[in-house]
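Read the structure below first, then the notes.
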Amino acid sequence: MIAATHTVGSRSFLRGPQVRATGPQQAQRARTVSRIVCEDAPEKKSAAKAKAATLRTEFPTAEAVQGEVDRLRSEMFTMRIKFAKREEYQPAQYKALRKRVAQLLTIQRERTLEQGVTRREARALERRTLVEAGLRQF
């Protein structure tokens with residue numbers, strides 16, 4: 001991250017470059033423009049790809065992925081109950097769980113695409129299994 005030091009009035013801040021107006025009244029008041037340049041973006045993308053590859057090897061089968069998704073969703077439900085009861089919980093952990101569930105579901109979807117199953121067929125199969133298990137009405 002790159003930032004420039006500048007002054008606003010008599011104070012020095014670490015923000016973006018300073019912009020001054022040209023009029024006589026505006027010259028007394030300085031306005032700042034914040035600008036952050038992120039140079040770490042390529043490293044973050046490669047780290048995300050490595051993490052996704054690790055998830056794929058960690059859960060080799062669709063059943064393992066689904067079991068982990070179910071476990072994480074039940075943990076998220078527990079956290080929502082804690083929130084409703086005004087008990088102590090960590091919002092950052094809830095966000096991390098949501099992100100991990102999304103990653104696992106993405107891996108699951110990629111695997112079904114590799115098998116040549118369309119989204120419509122996959123949803124129909126999921127509904128059918130829930131109906132057969134008695135967890136949903138058709």
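The values are calculated or read from the model by the stated rules, or taken from the named source; none is laboratory data. For clarity, every value in this text was computed on a predicted model and none was experimentally measured. A quick note on method: Cβ atoms are made from the backbone with ideal geometry, for glycine too, and the neighbour counts reach across all protein chains shown. Quick note on the areas: whole protein, heavy atoms, side chains included, nothing else; ligands and nucleic acids left out. Shrake-Rupley method; radii C 1.70, N 1.55, O 1.52, S 1.80 Å.
Scanning the stretch 80-138 for residues that are aromatic (F, W, Y) and either under 22 Å from the mean Cα position of the chain (by Cα) or open to solvent by less than 70 Å² (accessible area, probe 1.4 Å) (or both), which turns out modelled with the lowest pLDDT?
Only one residue tops the list, namely Y89.
List every residue pair whose Cβ atoms sit under 9 Å apart, with the two residues 6 or more apart in sequence or on different chains, where the first one lies in the stretch 59-77 and is under 18 Å from E114 (Cβ atoms) and the second, anywhere, is exposed (fewer than 13 other Cβ atoms within 10 Å of the Cβ) and acidic (D, E).
A64/E58
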